[in-house]
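Report on the structure given below.
The values are calculated or read from the model by the stated rules, or taken from the named source; none is laboratory data. All values derive from a computational prediction rather than experimental measurement. All Cβ positions, even for glycine, are placed from backbone atoms using ideal geometry, and neighbour counts span all protein chains on display. Please note that ligands, DNA and RNA were not included when accessible areas were found on the heavy atoms of the full protein model with its side chains. Shrake-Rupley method; radii C 1.70, N 1.55, O 1.52, S 1.80 Å.
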Amino acid sequence: MSETKELIITTHQKDVQIALLEDQKLVELHREESSEQVSVGDIYLGKVHRVNVGLNAAFINIGTEKDAFLHYLDLGHNVRTFNKYVGEAVNNRRRSVCNYPSEPGVDKVGNMGDVLTAGQPVLVQIAKEPISTKGPRVTMEISFAGRYLVLMPFCEQIAISQKIKGRAERSRLRKIVEGIKPKNFGIIVRTVAKDKQVEEITADLKTLVEKWKLVADKLTTAVAPELIAAESSQTAVLVRDIVDSTFTAIHIDTPSIYNEVRNYIKSFLPGQEEIVKLYKDPQPIFEHFNVAKQIKGSFGKVVTMKNGIYLIIEQTEAMHVIDVNSGNRMKSTNQEENALAVNMEAAAEIARQLRLRDMGGLIVIDFIDLAKSENRKQLHTHLKELMANDRAKHTVLPPSKFGLIEITRQRVRQVTTIETSEECPACNGTGKIKPSILLEEDIENMLEFLFQKQGESHITLAVHPYIYAYLTKGLVSKRVKWFFKYKKWVKLVEKQDYHFLEYKFFNKDKEEIMLWEKKHII
């Protein structure tokens, strides 16, 4: 049975949320907030604020709250040529990159102070968004990502994605790129370029060159710090990077984004734009496709799985720690076999959690101890296979002598955290509730207000079954006493889903008498 892959995209007032489902299971969740200041891929004309000799880095003013961090290793070999070009462009002396003379390159080991000086204008690109207390990290190796290619000004390198394995196909793609590559531009061929024709690759390159020309034009009038070119929306980036012929459907609840995505897919996957569908049902799209429920069950500290297995996920400033617990899982009397089975199932959920939460940096996993080395090797291989579809750069290290597996995973954004706990309706988050002895008094005060001051004639009171039994027990029950007192009958309804002390009043039109009214008089 083939795997189904779907994108679910919903728009809210302040953000766009994108869910990737594989076989209807949530594996990635992305959120693009309209208020975000910087995004990975944005290009800025900045100004060197200061050079830090100890860190061998520079802090760049790009107009954000905290200066951007630029390390010497992120300068690029041809940074002197690039800096000279940017300096001339800012002074309105623009020249073509293709004919621009090269300056001496910089060594891999050197001093930032020999390359940059305070106050110097520099063109930088966001490599990592601000994380925690740190400002954004930037690079001077500017690149423009397209569907099939990545274009890099002032570079002569041609590179082919390592995921393209066939020697003949790699040679074919290299020959195509060598024939169309402009001088003084480097090109990386992306994985999705495999088996693509010359016309498709050439069209993608033309689009990227036009993007660079727009940047070059804007430099002539820019004043640092200034945004020169913004990366496409996260929606467009995701569609560009992950959507291929294996996708089953893309469901979108906003007409404008529907049209944008449909036209974009039509440009590189002609005929497949039909998979883009406009969702029109009144039920929220995340609820319809069971995304909302999966979010609630996937983002807590404790992640439960079938057969009682559960994970405990802790985040610290330095790393993420995941603890695997077997719960009541006991399929075999053999402890080693049982531990291996639990670990193998947990590994699948861990691989999903890393993508779903976009966890980065160092991740340490405490699997259940395995005594046999062949079982530890099997677990390590299984985890690497499960993470093969993870687009973030990562390394899965073999188990340590303590049974821990360490993973390093590329981090370019804040880890996705969603608050899944809800305020307790009984205590309103305080951890304390009213004495139960006061419940009857509260209800009667409300009845008196509704009957005598509000003039209600028909009232329905919904309560927990235990309270219902208390109010109706005996020949002269509490409800009968209310009838004698107010000369009006109160209809009682049992609600199994109410907490013990919860109650609600409804009028003759079955509309709830709002809670603020109760708070106002009690």
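For the chain, a simple Cβ point-charge model (Lys and Arg +1, Asp and Glu -1, everything else neutral) yields a dipole of about 340 debye relative to the Cα centre. Computed over the alpha carbons of the stretch 1-102, Rg followed by Dmax gives 20.8, 61 Å. Would you work out what percent of the accessible area of the stretch 1-100, with all protein chains in place, is carbon or sulfur (probe 1.4 Å)? For the stretch 1-100, the apolar C and S fraction of the accessible surface comes to 45 percent. Counting only DSSP H runs of at least 4 residues, each contributing -39500 (n - 2.57), and dividing by the residue count of the chain, the helix-based mean residue ellipticity at 222 nm comes to -9000 deg cm²/dmol.
Only loop residues by DSSP count here, and only those with at most 13 other Cβ atoms within 10 Å; note down the trypsin sites (Lys or Arg not before Pro) in the stretch 250-347 that meet that. Listed in order of number, the matching sites are LYS280, LYS301, LYS331.
The Cα-based radius of gyration of the stretch 434-491, divided by its Kirkwood radius, gives an Rg/Rh of 0.95. Inter-label distance, LYS401 to SER457: 8.6 nm, where each label sits 7 Å from its Cα along the C-beta direction. Fully extending the segment from ASN56 to ASN445 would add 132.9 nm, taking 0.36 nm per residue of separation and subtracting the current Cα-Cα distance.
For the stretch 94-247, the convex hull spanned by the alpha carbon atoms encloses 173 Å³ per residue. Solvent-free Debye calculation, one equal scatterer per alpha-carbon of the stretch 249-331: log10 I(q)/I(0) at 0.18, 0.22 Å⁻¹ equals -0.82, -0.96. In a DSSP loop and with at most 11 other Cβ atoms within 10 Å, there are no GluC sites (Glu not before Pro) in the stretch 174-232.
Under the criterion of Cα pairs below 8 Å and six or more residues apart, the relative contact order for the stretch 308-384 equals 35 percent. From the Cα gyration tensor of the stretch 1-61, with a ≥ b ≥ c the square roots of its eigenvalues, which class applies: rounded if a/c is under 1.5, or else prolate if a/b is larger than b/c, or else oblate? Taking the square roots of the gyration eigenvalues as a ≥ b ≥ c, the stretch 1-61 is prolate.
For the stretch 96-220, the solvent-accessible area of protein heavy atoms averages 51 Å² per residue (probe radius 1.4 Å; ligands and nucleic acids excluded).
Here the stretch 278-416 has 51 percent of its accessible surface on carbon and sulfur atoms, given a 1.4 Å probe and all protein chains in place. Using a probe of 1.4 angstrom and keeping all protein chains present, the accessible surface of the stretch 1-61 works out to 51 square angstrom per residue. If you sort the three axes of the alpha carbon gyration tensor as a ≥ b ≥ c, you get a/c of 1.5 or more for the stretch 230-276 and a/b no higher than b/c, which makes it oblate. Counting only DSSP beta bridges with both residues in the stretch 145-189, what percent are antiparallel, rounded to the nearest 5? Bridges in the stretch 145-189 are about 65 percent antiparallel.
Between THR248 and PHE500, the simple label model (points 7 Å from Cα in the Cβ direction) yields a spacing of 4.5 nm.
Residues whose amide H lies under 5 Å from that of ILE459, counting only those 5 or more places away or on a different chain, are LYS491; hydrogens are built 1.01 Å from N in the peptide plane. Loop-located GluC sites (Glu not before Pro) in the stretch 17-94 (DSSP state other than H, G, I, E, B) with a sparse environment of at most 16 neighbouring Cβ atoms within 10 Å: GLU36, GLU65. Within the full protein context, the accessible area of SER233 is estimated at about 40 Å² for a probe radius of 1.4 Å. With kT/(6 pi eta Rh) evaluated at 10 °C and eta = 1.306 mPa s, and Rh the Kirkwood radius from Cα pairs, the stretch 57-155 diffuses with a coefficient of 109 µm²/s according to Stokes-Einstein.
For the chain, the share of DSSP beta bridges that are antiparallel, to the nearest 5, is 75%. Over the chain, the alpha carbon radius of gyration divided by the compact-protein estimate 2.2 N^0.38 Å works out to 1.29.
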